Each structure stands twice: as structure tokens, then as C-alpha cells.
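The values are calculated or read from the model by the stated rules, or taken from the named source; none is laboratory data. Note that this is a predicted model, so its numbers are computed, not measured. With ideal geometry, Cβ positions are generated from the backbone for all residues, glycine too; neighbour counts draw on all protein chains shown.
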Protein chains: 2
Amino acid sequence: MEKPYVIGIDMGGTNTVFGIVDVRGNVISKSAIKTAVHDDVNLYVNDIYHELMKLIDADGGIDQIRGIGVGAPNGNYYSGTIEYAPNLPWKGVIPFAKLLSDKFGVPVALTNDANAAAIGEMTYGIARGMKDFIMITLGTGVGSGIVIDGKLVYGHDGFAGELGHTTAIRNGRLCGCGKNGCLEAYSSATGVARTAREILETTNQESILRNIPLSDITSKDVYDAAKEGDQVAIDIFNFTGKILGEAFADFVAFSSPEAIILFGGLSKAGEFILNPIVENMEKNLLKMWKGKIKILFSELKESDAAVLGASALAWEL
Amino acid sequence: MEKPYVIGIDMGGTNTVFGIVDVRGNVISKSAIKTAVHDDVNLYVNDIYHELMKLIDADGGIDQIRGIGVGAPNGNYYSGTIEYAPNLPWKGVIPFAKLLSDKFGVPVALTNDANAAAIGEMTYGIARGMKDFIMITLGTGVGSGIVIDGKLVYGHDGFAGELGHTTAIRNGRLCGCGKNGCLEAYSSATGVARTAREILETTNQESILRNIPLSDITSKDVYDAAKEGDQVAIDIFNFTGKILGEAFADFVAFSSPEAIILFGGLSKAGEFILNPIVENMEKNLLKMWKGKIKILFSELKESDAAVLGASALAWEL
């Protein structure tokens, strides 16, 4: 009998969420542990095993599990390793897929979180049936998963698709990666907060954001202010959307996707971010692409999306 | 018996060159006609037929021909059409592959010239065995052919790989495509000539380039001057290479190629252009790619390369 379930593991810097998923993309059970409490990755794997086996046993045992898919920061699909992830406690190259498959006795596939999101979108989400699209995750950082001709792009070394670290503004803001002017430094949630601080510090414009201590402003505060009609907040999204739209025009020139799909916290800003993205992308597209490239929001339930995306990897095992 | 030959047709704005190619990549016979003498594309097809059948008959007749590959400006692989090519006399959408296959009675595949060069490089050149690379053609314009996982990237509409029209300098030079600041406006042969004029007009630096009327300076003149140790000429290549290297770092973030391969007139500038490309690409790469991405020059004989590239398409028919 065909094994009916896969497991998706979404490893974040703080929490690791995992769930059992059926072939229709239903998360039938879900749990989580803290990621960063152990310096020894083996103890972390033990924690996952302990918690996950409770779910597995409740759903019919390990014989029902076809495989495990993992979305992890700096995850390498080819080698199954996590390599030099700055936000994780384990340094160097961690053979994480092997550690898990040895522990559970089922096959394990691993990639980075944005790639997992792209595969999830293609398997269960708005990209079903699309062969060429780009997934952009707008969270604490900016990630991307690129699908060309129905397949995820891994590149020669497994690390392709770092569009958050293409240059948006030459010699611009310092990015966490050490380079200047990266897209991520402007259009992540933290980039939006940074833009807010810059505008508030360099202008005298009235804004309800001035009621919040500068260093505490988040992208959610900016969104809330924009909904109230706050012009500074709207300007912040216009600036962020302009930078994203200009970058997207270059991405289109590369792979000519049918759609660019937005995922993650910042995509909740809806039209405040969508309108300037579309306007500035269109302005910068070659004539043959004008009016033809869709900008869409992910339809996956945010709380389940990362687990779903990771789990989708396991169907290919 | 397996048919032993393919035909490659390289359609340029001025000349159309074609040749018969064997499985080892030898151009066993070659000829050419003028491209732009007829407003009616059917008369142009007749001209090709007339000249090409002489070669075909001399090499054993049409039964020896497996197929025809065409590299053409704005050529679309999916539809076999040439669409709105600004440098050709036929306007709108031309079903060129169908016109040729009806005329010759053999299958025809068509793509744009830079894609044809990439396929040629993969089939007969320095990219043999590579699964992930980017071909950059530095000629009158800047073209690109992107290979990912062993396959050329066509995108959802057949037009992917327009890297010459990614933005190098926001609000920069006006490009022939109507946008501002495109890579092509700086790093094509005409872009190099434009840089020469800008530097000579805005500085008083001594240069042997001042012996040439400003509007007559070509990229070849700049190369000749650089070989003489002319500092202005060397600065021109440093500037051009900086722009290319910065762009290449973004291309690497997209598809993580094993190599970026340079082809076309400007690549003759050798180390004058290579050194600043490598230096500025390395500066802008994420840490994991530093020192790992090769910048190579095409090894295909320039006079045969375009025909070889187009012919390579026909082996897949």
C-alpha cells in the first residue's frame, strides 16, 4: 500500500514547527519545539524525534510516513546539509538530512525555507499548474524560490535563488550579509522599519508613527498607520514597493516567469505594497512583458504554509 | 541510416550566414546572403533556399539533413516566430520556422542569437559537460543565454534571458529599448564607444584616442589604445568591467551558475575587460560564492560560432 503521509519540518531561528500532511495538503497534526536551546545538534534531533513520534504514533506509526521534508536556513538540497547558517547555534556544515533519516528510518529531503515555500505553492497553492514562477518571501529577511519549467532552480551548488541579496541600491544600506544595498535591506520587515525610522528622523511630517518610540516601530505598525490613512506610512510602502518593483523587472528579464508570488508577513500589507510594486515593475519592463506578468499573493494559510512547503518536498522522495 | 548533417542559420541585421555542420561540430560548407534587401520575407526565404540548396546538393542532398536551426533577433523558441525585431525589415510576428520547414521539407527550430550561442557552447564549446552556466554576448548589443540543469531557460513565453536589459545604473543612459540604465547601454561595443566619448569630453586626460574624431571611436580603437598602455582606454575597460562584474554578481544570486561565459567582439579585449569584471563581481558576491564562479571566454571560432550555435538546436529535433 502507498504510504499516505509525509512530514514537513519548518526550522526557524527560534521555533521548529512540524506536522503530518496528507496528499491533499491537509496538516492533520502539528507540533513545535524551540530550535536554539542546544549547542549539540544531536540533542536537537532527539527533541524533534521525541515530539514528532508522538504525532506519528497517533496517526498510525512510522510505516504510514513516506518521507520527511525540511525547510531550513541555508539548507542545501543536493547535499542535505545546513551550511554556515548565521541564525542557528550549530556552526559549519551540518549533515541534517542524514541525521534525521538515520533517526527516523525514512528518507529525508532538505532545502532552504524560501525554496520550500515555492514547492508548497506549486503543490498545494496558487502556483498549481504554473511551470514558471518566482516566490518572494518577505519576512525578517527576503528569500526566494525560483521555478523554471516546473522545476526548482538549485544552481550548480544547490544555493541558487538568493534574490534578497541582489543589489537594489548601489552602495546603499548595509545588509546583514555584509554587502551594501541588498534588496533585503530595504524590503524585508526590518527594512520597512528602517525606512520608517529614516523618514521620521529626516522629515517633520506629521505621523501617528511618532507616537511609537523610534526603535520599537515594526512593519505591522506601519501597516496599521497606513490603514488609518497616515501619509508617512503610505510613503513607506510606496518606497518599499518601488524598490521591489524595480527589482522584479530585472527578475522578469532573467527567467520570464508567468507570475511573481509574494509570501510572508509584509505581503499582508495588501494593496499598500502591491500597487507601487506593479506600477514600478511595469515602468521597468521591456515592452513585450508589459501588462503580462502577474503579481500574486500566496494563498497558503500562513500558519501552515512553511510546514506544507517542506512536506511537499517529501512527495518527491 | 541516421542523417549525418544539420544546418545552422545565423540571421543578423545585415548578413545571414548559413552552414552545414556534422555531428562533431565541423562546419563542412558555408555561405551567406544579405538579410535586409527584401520587404517581403518570402523573397528572403527564397534567397536562402537558392543559396543553401547549392551547399546541400554538393553534400549529398536534402536526405542527408536532419534539420535546420536558426538563431534570429527576437526569435521565439516555443512558437518558431520572429516577433517585432527592431533591426529586421519584416514587422510584426513572422512564422519563420514554418516558412523554412515548408520550403525545405525538414524540421526547423528557432531561437534568439544569444540562446543559440549558449547551445553552441554547450554542444561544441567550453561549456561541454556544464549543467549550469550563463552565456553573455558582448556585441553591438548585450545578449544572454541561460542554461539551468542542462536546459536553456525560455521562460513562460519563450523570451527569457534578456540580461542586457536589466538595470545597471538606475536612471542612467537611455538604451535602444527605451528604458534607462540598461546593462547594454554600458557594456556593449557601442556602450564602450559611448563611455570613451564621455570621458574624452568631460576630462582633459591625455589619450591617443584624441587622434580619432569623437564620433568615429569604436570599441576596437579603445582596445588598440589600451594595448599601447593608454590610461584613458584602460579606464574605459575598467569602468565597463565594473558594471559587468556588478551585474554578474546579481546573476549569480539568481541561478548560481558554474561559469559565466563571454562571447562576441568585446570579449577580445581579454584581460583589460576580464580583470575588472572578476574584481567587481567578487566584491559583490555572497561569501559562499566568492572565488567559486568562473568567468571564461568562449572557445568557439568566432567566424563559425553563430552558425554552430544555431545548428546545435537542430540536433534536438
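Quick check on this structure: which one of A:G143, A:G155 is crowded, with 24+ Cβ neighbours inside 10 Å, within 12 Å of another protein chain (Cβ to nearest Cβ) and outside any strand (DSSP E or B)? One residue alone meets the criteria, A:G155. Say we look at region B:78-117 and pick out the residues that are within 14 Å of chain A (Cβ to nearest Cβ) and within 14 Å of B:G143 (Cβ to Cβ); which of these is nearest to the chain's Cα centre (by Cα)? Checked region B:78-117; the qualifying residue nearest to the chain's Cα centre (by Cα) is B:A114.
Exactly one residue among A:Y84, A:Y77 is within 15 Å of A:A314 (Cα to Cα) and touching a strand residue (DSSP E or B) at 6+ places or on another chain (Cβ under 8 Å), and that residue is A:Y77. Residues that are among the aliphatic types (A, V, I, L, M) and within 12 Å of another protein chain (Cβ to nearest Cβ) do not occur anywhere in region B:298-309. Here A:M281 clears all of (1) surrounded by fewer than 23 Cβ atoms within 10 Å (Cβ to Cβ); (2) of a type outside the set (G, A, S); (3) without any contact (Cβ under 8 Å) to a residue 60 or more places away in the chain; (4) within 14 Å of chain B (Cβ to nearest Cβ) except the condition numbered (1). Could you tell me whether any residue of region A:162-174 is within 12 Å of chain B (Cβ to nearest Cβ), surrounded by 18 or more Cβ atoms within 10 Å (Cβ to Cβ) and touching a Ser or Thr at 6+ places or on another chain (Cβ under 6 Å)? Yes: region A:162-174 contains one or more residues that are within 12 Å of chain B (Cβ to nearest Cβ), surrounded by 18 or more Cβ atoms within 10 Å (Cβ to Cβ) and touching a Ser or Thr at 6+ places or on another chain (Cβ under 6 Å). What number of residues within region A:249-307 are hydroxyl-bearing (S, T, Y) and under 26 Å from B:I134 (Cβ atoms)? Number of matching residues: 2.
Which residues, counting only those in region B:64-77, are in contact with a Phe, Trp or Tyr (Cβ under 9 Å, 6 or more places away or on another chain), assigned to a loop (DSSP other than H, G, I, E, B) and either surrounded by fewer than 21 Cβ atoms within 10 Å (Cβ to Cβ) or within 13 Å of chain A (Cβ to nearest Cβ) (or both)?
B:N74, B:Y77
Taking the criterion of being without any contact (Cβ under 8 Å) to a residue 40 or more places away in the chain, surrounded by 14 or more Cβ atoms within 10 Å (Cβ to Cβ) and not in a helix (DSSP H, G or I), the residues of region A:29-63 that qualify are A:S29, A:S31, A:A32, A:I33.
Let's see how each residue does on (1) out of contact with any helix residue (DSSP H, G or I) (no Cβ under 9 Å at 6 or more places or on another chain); (2) modelled with pLDDT under 95; (3) of a type outside the set (G, A, S):
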{"residue": "A:A247", "(1), (2), (3)": "no, no, no"}
{"residue": "A:F254", "(1), (2), (3)": "no, no, yes"}
{"residue": "A:I260", "(1), (2), (3)": "no, no, yes"}
{"residue": "A:L274", "(1), (2), (3)": "no, no, yes"}
{"residue": "A:N284", "(1), (2), (3)": "no, no, yes"}
{"residue": "A:K290", "(1), (2), (3)": "no, no, yes"}
{"residue": "A:I293", "(1), (2), (3)": "no, no, yes"}
{"residue": "A:E302", "(1), (2), (3)": "no, yes, yes"}
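Does B:I148 meet the test of being within 13 Å of chain A (Cβ to nearest Cβ), at pLDDT 95 or above, touching a helix residue (DSSP H, G or I) at 6+ places or on another chain (Cβ under 8 Å) and under 29 Å from B:K220 (Cβ atoms)?
Taking the combined requirement at face value, the residue does not satisfy it.
Picking from residues in region B:1-58 that are in contact with a helix residue (DSSP H, G or I) (Cβ under 7 Å, 6 or more places away or on another chain) and of a type in the set (G, A, S), the one that is nearest to B:R128 (Cα to Cα) is B:G25.
When B:G270, B:G264, B:G291, B:G241 are checked against the criterion of being surrounded by fewer than 21 Cβ atoms within 10 Å (Cβ to Cβ) and away from chain A (no Cβ under 14 Å), a single residue qualifies: B:G270.
In the set B:A225, B:A253, B:A193, only one residue is away from chain A (no Cβ under 14 Å) and buried (at least 22 other Cβ atoms within 10 Å of the Cβ); that residue is B:A225. B:A310 passes every criterion in (1) out of contact with any Asp or Glu (no Cβ under 8 Å at 6 or more places or on another chain); (2) buried (at least 23 other Cβ atoms within 10 Å of the Cβ) apart from (1). Only residues that are more than 20 Å from B:V252 (Cβ to Cβ), assigned to a helix (DSSP H, G or I) and without any contact (Cβ under 8 Å) to a residue 60 or more places away in the chain were counted in region A:233-272, giving 15.
Name every residue in region A:8-28 that is touching a Leu at 6+ places or on another chain (Cβ under 7 Å) and surrounded by 21 or more Cβ atoms within 10 Å (Cβ to Cβ), in order of residue number. Passing the criteria: A:G8, A:F18, A:I20, A:V21. Regarding A:G60, is this residue touching a Leu at 6+ places or on another chain (Cβ under 9 Å) and either among the polar types (S, T, N, Q) or more than 14 Å from chain B (Cβ to nearest Cβ) (or both)? No: the conditions fail for A:G60. For A:D132, the conditions (1) within 11 Å of chain B (Cβ to nearest Cβ); (2) over 17 Å from A:Y77 (Cα atoms); (3) surrounded by fewer than 21 Cβ atoms within 10 Å (Cβ to Cβ) are fulfilled apart from (3). All conditions in (1) under 21 Å from the mean Cα position of the chain (by Cα); (2) more than 10 Å from chain B (Cβ to nearest Cβ); (3) of a type outside the set (K, R) hold for A:E246, with the sole exception of (2).
Scanning region A:78-137 for residues being of a type in the set (D, E), in a helix (DSSP H, G or I) and in contact (Cβ under 8 Å) with a residue 60 or more places away in the chain gives a total of 2. Apart from one condition, A:S187 fits all of (1) more than 14 Å from chain B (Cβ to nearest Cβ); (2) over 30 Å from A:Y77 (Cα atoms); the exception is (2).
For region A:196-218, residues that are of a type in the set (S, T, Y) and loosely packed, with under 15 Cβ neighbours inside 10 Å total 3.
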